[in-house]
Amino acid sequence: MNTVILLIAILGLTAYGYQIGRRRALGTVNGERRRLHSLPEYHGAYVALWCLVPVVIIVFAWLIFETTIINGILVTSLPTEQQALPKSQLELLLNEIANIAAGTRQGADIDPYKIAAARQYSNLSLVSTGLQVVLVLIAGGVGLALAKRQISARFRSRHSVERMIRIMLVICSTIAILTTIGIVLSLMFEAMRFFAKVSALEFLFGLHWSPQTALRADQVGSTGAFGAVPIFTGTLLITMISMLVAVPVGLMSAIYMAEYATPKVRGIVKPLLEILAGVPTVVYGFFAALTVGPFIRDFGDSVGLSVASESALAAGLVMGIMIIPFVSSLSDDIINAVPQSLRDGAYAVGATRSETVKQVVIPAALPGIVGSILLAVSRAIGETMIVVMAAGLSANLTANPLEAVTTVTVQIVTLLVGDQEFDSAKTLAAFALGLVLFVVTLILNVIALTVVRKYREKYD
Amino acid sequence: MENMAMALDSPVNDEPAVTEETKVSARDVGVFYGEANALRDVNIDFKVNQVTSLIGPSGCGKSTFIRCLNRMNDTIDSCRVVGSIIMDGRDIYSRDVDPVELRARVGMVFQKPNPFPKSIYDNIAYGPRIHGMASRGGELDAIVEGSLRSAGLWEEVKDRLAEPGTGLSGGQQQRLCIARAIAVSPEVILMDEPCSALDPIATAKIEELIDELRQNYTIVIVTHSMQQAARVSQRTAFFHLGNLVEQGDTEHIFTNPDDDRTKAYITGRIG
Amino acid sequence: MTDQVVDIRALKPDLSPERISRRYAAERRFRLYGLVAIAVAIFMLALLMVVIVSKGYSAFVQTHILVEVTFDREVIDPDDTNDPEVISQANFRGIARGAIRKMFPEVTSRRDRRQLYRIFSSEIDFQLMRMARDDPSVIGTTRQVWLKAGADIDMLTKGFIDRDVPESNRRVNDKSLGWYDRLDEQQLVSRRFNTTFFTAADSREPEQAGILGALVGSFLTLAVTLVLVFPVGVSAAVYLEEFAPKNKWTDIIEVNINNLAAVPSIVFGLLGLAVFLNFFELPRSAPLVGGIVLALMTLPTIIIASRSAIMAVPPSIREAALGVGASHMQTVAHHVLPLALPGMLTGTIIGMARALGETAPLLMIGMVAFIVDIPGSITDASTVLPVQVFLWADAPERAFVERTSAATLVLLVFLVAMNLAAILLRKKFERRW
């Protein structure tokens, strides 16, 4: 409720600023709009923006820091034994206190220190909210007053407003960069902490992976527990299986769509493939675990092969299906970019359609196709839900697709989901794996995107 | 209806070297793009060892017509051709004629040079390879060299046959495309405005080449340039708004055309 | 290369019928490969849909059993207050059990009785309580009430429990089977629309589990995502397409956006965990954080779509506006943006659809918790629809399989609706310049 009131207050203040600016601009020229450099609306917008921007900054600061500060104060007032609790339990306790304060947890069995803390929590929240409202009003009012004083007939408010908007546009466009920096820094930072406990060489080249054993304090970093090679090979195996499905099927359907299909067939098949691309990965995962996995196991049993119920084959096959539309739509675009004149040249010497495709179109489109396959590989490596649901957890070092293997993404999920201590090597290992995943997919993407861009430029 | 009359005219025999053997003849040819009628009732004969130019303003149907002669229009889904085109006594649009076979006999050179993104050698060798023309390795080399020589390109490229064809200049690329067409040993060569993307010097070389090639092939050329038609062709046909208006010996068409529209076009009043 | 001039007319194309027909056979084979490839893709799509629908449709109905219930005033509301507070405290478990016992008077031992109660859902106490609370006039009467059956009996009526399996391996033993058959003969068993599925949040008991909690969670999460990503994405696209100078910095932004679009989604989850949960200490499992993470994930897609929408606006429009003296900003705001808006919205809807189906990054920020309450705000712990699918897919009970499929169906319906909206929007505003 508080947020709604705050929002209304901010909007009201801004609207008021707009009106003031507009009126004052008109007032300075006695209503003769022509004497103003900028339209009165721009003067209004100028004042409104000067009012809005500081207010928004304050609100965001509150959103980010309020909980941290309140909890920090609250913890210092707790009994010492509670202060010494590990972080995860402390968090639970703070949650409970918040619930008591909100009245959602009632009863006579609550410890008195919790009730005291809850009372303090309520007070702190109240103070914080009051402080926020006061600060918002002051900041808005000061901004408004300062901006208002600048308005005159010759004041170029349009320029100022446009400059402010432009700055906001620039800030928005850098958010993408900040995201990348955030990803790199957070992965690096946590991975460094991991490598302080486990050597990087052992992580990258060790053959034995059993992070669960490291839960016991005396085993943290014990030899052999964090060798990630079986995970990498498992990822590679599943990726390869999926590519064996997706590349031939995706490429051939792209060729058919681009070179043979009538517009009517295209009109039907293309949306169907798009549906295949739009199915959430969790649905594919469910499909793999519920239908494909058991089917392959039963089929293996019937021909006398022992197949794990969470085999690499099942996960790879379904992942391949998921990637078919990805390969086909990228390749379709690429093949369509090959100029018609090349096809005409081949037809004119008497080549059949398939000869034209195989010997002229595909070689001409090859860089682009390779690029799109690389993108597909990167996508397969980073795909999570299918493998989480259909591939196994055991880190087997094997090339046998009928056995269970595990992948980088599966391990990240298993290491981080559930109760966790954030500082243990086990959870930090997830970030090391995440770093490897990010770097590998980034390299693939950069290569693929460069190749595809060069290819497009060639035929533009 | 006047074009029917023109077709029945006996041509004037002013060049003794020219035989009067008809290679290809079109009868009542029309072309539709979906519902639009792009070309109507075209009747024309193409003779062996002659260059025939098709002239006319943009959109008159001359390019559409030349693409009928090797069934390139088959590659456009909405395109439908009516009438008949007889080559060596067979209608090329009859069911049993295979466009692939036909195109091996009727080569084509396009408006813009379109070398494959392969080496010069592979560009030429592509046709012979798919048609199984060379049984021994040496023969393929011979075909490549012969074709390049015929296209007057051999001396310029003989030291860089392995380089990509796309690295040549525009005029060289177009001669490469001509060599590519010659390599499958066609009987007819179609050229759809082969010089429109080239500079005057390259154009002169191609025109020279066309005149030499006349000794061995039946050539049909679409051109925008009336001077070019006058320079390279023995016979000329004038198209206007999807109709074949007039045809005859080049000299006759350019000096004394029968139809007012032809006269207007040649003197530059329409076009 | 030979030096002598070769008569190239000596070598003719091999147009023999054998060779031509061989080439055409190759042509037909190649074409067939293409057709087979498309058939495989479409078959897989069909198989997926058939599996989901065939496993899921049964979750939309739920077995109920007709029981004669006596709403004894002495037990429920002895002072005749009709006060909801009083009624909701009453012992409805006793009433329900009494009614069940009355149907099977011959069942007397404690063990058998307990087994008998398990034919019904443990929720029937609440079912009766709600009846009495919402309509106090039933108190003191005896009514025929359709009581919800337990998950095992539900599975039995839907044919998922094989009666031929030995008793020890069967979820419903012979005795219960006998009771059930008797009820069935008396036509007291019926399958009715499963409202719980759409009105409840998650539960350990399959027959009490629903998707409303996850739906609300998805809605809140997507709302956060939309509020963040649309203005930021459009602004970034406008800047890059209209104002940005072409220099190294914008090149870097450009390359960065394209690469970010291809970063695995789970990495965004790691970012959310490290930055928003551990550094900023935002609440765990909350739609707020989920929305921020999904916003960062969809941002590149939306920037790319918005840029191409802006690019599709012809320069002549800009020139016309600049020509009458509009500033660059005015040109963009008055002409370019309105014309590009449908394209931007289409891109945004498609991005939102992708965010709706996304699971992996949300696992990282703790939205996998088992949550029985329907979230009320963006800071409440909640889950989302695809994560609910993931959670149920892991549950061992047979009854959760059909619920997983049914939740998937609901998810797919939403996705199809969103994509359809995008297509219609594109059709309606498509403009050819």
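Of everything in region B:146-181, what is among the charged types (D, E, K, R) and in a helix (DSSP H, G or I)? Give them in sequence order. Working first, answer last.
Applying the first criterion (among the charged types (D, E, K, R)) to region B:146-181 yields B:149, B:155-156, B:158-160, B:163, B:175, B:180.
Within region B:146-181, B:ARG149, B:GLU155, B:GLU156, B:ARG175, B:ARG180 qualify.
For B:PRO186, are the conditions met, namely being within 12 Å of another protein chain (Cβ to nearest Cβ), assigned to a loop (DSSP other than H, G, I, E, B) and in contact with a Cys (Cβ under 8 Å, 6 or more places away or on another chain)? It is false that B:PRO186 is within 12 Å of another protein chain (Cβ to nearest Cβ), assigned to a loop (DSSP other than H, G, I, E, B) and in contact with a Cys (Cβ under 8 Å, 6 or more places away or on another chain). Only one of B:LEU102, B:LEU148, B:LEU176 is in contact with a Leu (Cβ under 7 Å, 6 or more places away or on another chain) and either hydroxyl-bearing (Ser, Thr, Tyr) or touching a residue at least 12 places away in the same chain (Cβ under 8 Å) (or both). Can you tell me which? Residue meeting the stated conditions: B:LEU176. Quick one: in region C:193-244, of everything that is free of Cβ contacts under 8 Å to residues at least 40 places away in the same chain and within 11 Å of chain A (Cβ to nearest Cβ), which residue is farthest from C:VAL410 (Cα to Cα)? Within region C:193-244, the match that is farthest from C:VAL410 (Cα to Cα) is C:ALA244. Please verify whether region A:166-175 includes one or more residues that are open to solvent by less than 60 Å² (accessible area, probe 1.4 Å) and more than 14 Å from chain C (Cβ to nearest Cβ). No. Within region A:347-358, the set of residues being at the interface with chain B (Cβ under 7 Å from one of its Cβ atoms) and not in a loop (DSSP other than H, G, I, E, B) comprises A:TYR347, A:ALA348, A:GLU355. Taking residues in region B:53-78 that are within 11 Å of chain A (Cβ to nearest Cβ), and partners anywhere that are in a loop (DSSP other than H, G, I, E, B) and of a type in the set (Ser, Thr, Tyr), the pairs with Cβ atoms closer than 7 Å and at least 6 places apart or on different chains are B:ASP77/A:THR262. Looking at region C:278-288, can you tell me whether even one residue there is open to solvent by less than 20 Å² (accessible area, probe 1.4 Å), more than 9 Å from chain A (Cβ to nearest Cβ) and either closer than 25 Å to A:LEU375 by Cα or touching a Gly at 6+ places or on another chain (Cβ under 8 Å) (or both)? There is at least one residue in region C:278-288 that is open to solvent by less than 20 Å² (accessible area, probe 1.4 Å), more than 9 Å from chain A (Cβ to nearest Cβ) and either closer than 25 Å to A:LEU375 by Cα or touching a Gly at 6+ places or on another chain (Cβ under 8 Å) (or both). Taken over region C:8-46, the criterion of being polar (S, T, N, Q) and in a helix (DSSP H, G or I) is satisfied by C:SER21 alone.
Here's a check for you: in region C:55-70, which residue that is open to solvent by 60 Å² or more (accessible area, probe 1.4 Å) and part of a helix (DSSP H, G or I) is nearest to the other protein chains (Cβ to nearest Cβ)? For region C:55-70, the residue satisfying everything is C:LYS55. I'm checking my understanding of the structure. Among residues of region B:104-137 that are touching a helix residue (DSSP H, G or I) at 6+ places or on another chain (Cβ under 6 Å), facing chain A (nearest Cβ under 7 Å) and assigned to a helix (DSSP H, G or I), which one is nearest to B:VAL157 (Cα to Cα)? Looking at the filtered set, the residue picked out is B:GLY127.
If you go through region C:17-41 one residue at a time, how many are closer than 21 Å to A:VAL265 by Cβ and open to solvent by 100 Å² or more (accessible area, probe 1.4 Å)? Matching residues across region C:17-41 total 3.
Restricting region B:78-111 to residues that are under 14 Å from A:ALA346 (Cα atoms) and open to solvent by 40 Å² or more (accessible area, probe 1.4 Å), the residue that is modelled with the highest pLDDT is B:ARG105.
Answer with yes or no whether C:ARG403 is open to solvent by less than 10 Å² (accessible area, probe 1.4 Å) and of a type in the set (Lys, Arg). The answer is yes for C:ARG403. Filtering region C:189-219 to residues that are farther than 13 Å from C:LEU385 by Cβ, polar (S, T, N, Q) and in a helix (DSSP H, G or I) leaves C:THR196, C:THR199, C:GLN208.
This table checks each residue for (1) assigned to a helix (DSSP H, G or I); (2) under 30 Å from C:SER306 (Cβ atoms); (3) touching a strand residue (DSSP E or B) at 6+ places or on another chain (Cβ under 6 Å); (4) modelled with pLDDT of 85 or more.
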| site | (1), (2), (3), (4) |
| --- | --- |
| A:ARG105 | no, no, no, no |
| A:ASP109 | no, no, no, no |
| A:ALA118 | yes, no, no, no |
| A:SER128 | yes, no, no, yes |
| A:VAL142 | yes, no, no, yes |
| A:ALA145 | yes, no, no, yes |
| A:LYS148 | yes, no, no, no |
| A:VAL170 | yes, yes, no, yes |
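A search for C-beta distances below 6 Å between a residue of region C:164-183 that is free of Cβ contacts under 8 Å to residues at least 24 places away in the same chain and any residue that is among the hydrophobic types (A, V, I, L, M, F, W, C) and open to solvent by less than 50 Å² (accessible area, probe 1.4 Å), counting only pairs 6+ apart in sequence or on different chains, returns C:VAL172/C:LEU156; C:VAL172/C:ILE161. Can you pull out every residue in region A:338-389 that is closer than 18 Å to A:THR239 by Cβ and either open to solvent by 10 Å² or more (accessible area, probe 1.4 Å) or at pLDDT below 90 (or both)? Of everything in region A:338-389, those that are closer than 18 Å to A:THR239 by Cβ and either open to solvent by 10 Å² or more (accessible area, probe 1.4 Å) or at pLDDT below 90 (or both) turn out to be A:VAL370, A:ILE373, A:LEU374, A:LEU375, A:VAL377, A:ARG379, A:ILE381, A:GLU383, A:VAL388, A:MET389. When region A:430-459 is limited to residues that are in contact (Cβ under 8 Å) with a residue 24 or more places away in the chain and away from chain C (no Cβ under 12 Å), the one that is nearest to the chain's Cα centre (by Cα) turns out to be A:VAL451. Checking C:SER168, C:SER176 one by one, the residue that is out of contact with any Ser or Thr (no Cβ under 9 Å at 6 or more places or on another chain) and crowded, with 19+ Cβ neighbours inside 10 Å is C:SER176 and no other.
Among the criteria (1) at the interface with chain A (Cβ under 9 Å from one of its Cβ atoms); (2) surrounded by fewer than 24 Cβ atoms within 10 Å (Cβ to Cβ); (3) modelled with pLDDT of 90 or more, the one C:ILE304 does not fulfil is (1).
Given the condition part of a helix (DSSP H, G or I), within 14 Å of chain A (Cβ to nearest Cβ) and crowded, with 24+ Cβ neighbours inside 10 Å, answer yes or no: does some residue in region C:318-328 qualify? Checked region C:318-328: no residue is part of a helix (DSSP H, G or I), within 14 Å of chain A (Cβ to nearest Cβ) and crowded, with 24+ Cβ neighbours inside 10 Å.
For (1) under 30 Å from A:VAL127 (Cα atoms); (2) surrounded by fewer than 22 Cβ atoms within 10 Å (Cβ to Cβ); (3) touching a Ser or Thr at 6+ places or on another chain (Cβ under 9 Å), each residue gets a yes or a no:
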| site | (1), (2), (3) |
| --- | --- |
| A:GLN19 | no, yes, no |
| A:ALA25 | no, no, yes |
| A:THR28 | no, yes, yes |
| A:HIS37 | no, yes, yes |
| A:VAL53 | yes, yes, no |
| A:ALA61 | yes, yes, no |
| A:ILE64 | yes, yes, no |
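Scanning region C:144-158 for residues that are open to solvent by 30 Å² or more (accessible area, probe 1.4 Å) and either assigned to a helix (DSSP H, G or I) or over 21 Å from C:THR195 (Cα atoms) (or both) returns a single hit, C:ASP152.
Is it the case that region C:337-355 has a residue that's closer than 14 Å to C:ILE211 by Cβ and either open to solvent by 10 Å² or more (accessible area, probe 1.4 Å) or at the interface with another protein chain (Cβ under 8 Å from one of its Cβ atoms) (or both)? No, that holds for no residue.
On the given criteria, is C:PRO264 at pLDDT 90 or above and over 19 Å from A:THR180 (Cβ atoms)? It is false that C:PRO264 is at pLDDT 90 or above and over 19 Å from A:THR180 (Cβ atoms).
The values are calculated or read from the model by the stated rules, or taken from the named source; none is laboratory data. Predicted model only: the values in this text are computed from it and were never measured. Reconstructed Cβ throughout: ideal geometry from the backbone, glycine too, with neighbour counts over all protein chains shown. Ligands, DNA and RNA are excluded from the accessible area calculation, which covers all protein heavy atoms including side chains. Shrake-Rupley method; radii C 1.70, N 1.55, O 1.52, S 1.80 Å.
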